[in-house]
1. Given bins 10 angstrom wide, list per bin the percent of all Cα-Cα distances in the stretch 88-188, short to long.
2. Going toward the positive end of the dipole of the stretch 73-182, with +1 on Lys and Arg Cβ and -1 on Asp and Glu Cβ, which of Y143, N82, P107 do you reach last?
3. Per 5 Å bin, what percent of the C-alpha pairs of the stretch 123-246 does each bin hold, from zero upward?
4. Karplus couplings for the stretch 277-285 from phi (6.51 cos²θ - 1.76 cosθ + 1.60, θ = phi - 60°), rounded to Hz, Gly and Pro as x?
5. Using r as the Cβ-Cβ distance of E115 and K231, and R0 as 25 Å, what FRET efficiency do you calculate, to the nearest 0.05?
6. So for the stretch 41-140, what percent of the C-alpha to C-alpha distances run longer than 20 Å?
7. Using each residue's phi in the stretch 174-189, evaluate 6.51 cos²θ - 1.76 cosθ + 1.60 at θ = phi - 60° and report the 3J(HN,Hα) Karplus result to the nearest Hz, with x for Gly and Pro.
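Coordinate-derived values only; no laboratory data. Because the structure is predicted, anything quoted here is derived from the model rather than measured. Cβ sites come from the backbone with ideal geometry, for glycine too, and all protein chains shown count toward neighbours.
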Amino acid sequence: MNHKDTKHLLDNREISTRKNSGFSNTIGLSFKNLFSKLGILTVLISAFVLSFHNVAVRVLFSEHLVLGLFLLGGYVKPDLQNSLLLMFMRMLLVVPLMASLAFKLYPSGGKEFRELFRPERTDVLLQALGCGVLMFVYIALLYIGIGLIPTGIAMTLFFTYPVFTALLAWRFFGERPTLFRWLVMVIILGGSVLTIPQSSAAYSSDTITTGIFASVGSGVVYAFYKVMAQKCLEKFHPVPFTWISFTCTLLFSGISLLFWPLPSTQLDWIPLWIGSIFSGVVSFIGHTFNNIGIRMIGATKASIIGASSPALTVLVAWIAISETLNMIQSLGIGIVTLGIALLSGEGFIRRRSLS
């Protein structure tokens, strides 16, 4: 073989290698795009499924014609005591389910949990328990809000929590909000004001006021939960941390019912248990899908997509129980949803603009 033939053979091999490399890169990019789309779909499914939990809670508190076929609901009054009862019944199912799955996903979770009781880990234990208390409070308040005012509005007011989270992060972590963040927070608060319902035959002014305060208060408490969780998760894995939060919610709601027993009036336990089991199952599925989605596309993208939760809740409530909103309230929910997406994706937007 002469010099020209050798060179020609080497050139062909180099071209072939480049083609194979380009083909491999194309497959890699296609797989990455497919994986990203599946992650987005997973988080959307999570938000959609969790919307059913919110509507189920609404039905337990208030009678509705479900799917235009069945007249169901109104089994308990929307007050703090009954919120604790529904929370306890739901957590009785969710906590064992979460334990069965969580420690399989993270086998070292049991070891980390036992290490919390060592003296040098006391601060982490107290932070984890504090988050459990905050979860207990924000869920109780949110249940009251959902019971008193339309589901979509209660969830929209709750989803103002990123505003309070940003302010608390500034206070405790020195993360001063940027001008962009200040503008988006004003947009979120402005949109939430548009959602507030007017007093009517269906909703008295006292009911609306209590529902608004409960929903916004739930968002404020959840903001504290997020900030404390951020601190705790620097030293503790999220899987056992989440399980501790749910377990604390179960224990505190159960203890509260012992010291604050239910009234002597007879409750319709069968539909209450059915509703609680349904809300527990969909809540567990929703949180599981959300965690899977976060692992697939990252927390930032998941937060942006999760901002669709209020709008999805409105859609599910409209389909399931014919709960409607006027044009101004719908516009307010859209503005809040856009604001949450912008606030959640601030860092992502900044990186894209610089690249």
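1. 12, 25, 33, 25, 5
2. Towards the positive end, the residue furthest out is P107.
3. 2, 12, 18, 18, 17, 14, 11, 5, 2, 1, 0
4. Result, ordered by residue: 5, 4, 5, x, 5, 5, 5, 5, 4 Hz.
5. About 0.90, to the nearest 0.05.
6. Taking all Cα-Cα pairs of the stretch 41-140, the fraction more than 20 Å apart is 59 percent.
7. Result, ordered by residue: x, 8, 5, x, 6, 4, 4, 5, 4, 4, 5, 5, 5, 4, 4, 5 Hz.
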